[in-house]
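Have a look at the structure below before the remarks.
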Amino acid sequence: MHILRSDGVVVKAVDLEPCNGDPCTVHKGQPTSFVITFGAQKDIDPKYFRLYSRVDGTLGEAVIPDSDACSRITPSCPLRAGQEYKFTYNERINWNLPNVSRLQS
């Protein structure tokens, strides 16, 4: 998972399940879980989050119906400088992603 930009936070770890290789591959319609551990560098009251995916080298925004950041962050919002937080996503991947098939020779 590539973290493009997170203004005011430093990502410390990303844990993704299932992960059967490097890079991890997730499949549309399948359950997945990921936790992003990060530290706040300043006080922040987040309103929404955006996730991005890379499919066959093309970067695109993953459209997620519930984009309320605070519903997925522990400890709860607002974020305070110097504190560590976890952002958790634990649902099926039903994002607006293109279907991709790979041929192997």
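The values are calculated or read from the model by the stated rules, or taken from the named source; none is laboratory data. Computed from a predicted model, the values in this text were never measured in an experiment. Using ideal geometry, Cβ is built from the backbone for each residue, glycine included, and neighbour counts are taken over all protein chains shown.
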**Message:** Just to be sure I understand the filter: pairs with C-beta atoms under 7 Å, separated by 6 or more residues or on different chains, first member in region 1-24 and under 14 Å from PHE87 (Cβ atoms), second member outside any strand (DSSP E or B) and at pLDDT 85 or above. Which pairs pass?
**Reply:** GLY8/GLN41; GLY8/LYS42; VAL9/GLN41; VAL10/GLN41
**Request:** Of all residues in region 69-88, count the ones that are closer than 18 Å to PHE34 by Cβ and not aromatic (Phe, Trp, Tyr).
**Result:** 9
**Request:** Give region 46-68 a look and list any residue that's hydrophobic (A, V, I, L, M, F, W, C), out of contact with any Lys or Arg (no Cβ under 9 Å at 6 or more places or on another chain) and either at pLDDT 85 or above or surrounded by 15 or more Cβ atoms within 10 Å (Cβ to Cβ) (or both), or say none.
**Result:** LEU51
**Request:** Scan region 69-94 residue by residue and report those that are without any contact (Cβ under 8 Å) to a residue 40 or more places away in the chain and exposed (fewer than 15 other Cβ atoms within 10 Å of the Cβ).
**Result:** SER71, THR74, PRO75, SER76, PRO78
**Request:** Can you work out which of the residues in region 7-36 that are of a type in the set (Asp, Glu) and part of a strand (DSSP E or B) is modelled with the lowest pLDDT?
**Result:** GLU17
**Request:** Determine, yes or no, whether LYS47 is of a type in the set (D, E, K, R), touching an Asp or Glu at 6+ places or on another chain (Cβ under 9 Å), within 23 Å of GLU84 (Cα to Cα) and assigned to a loop (DSSP other than H, G, I, E, B).
**Result:** yes
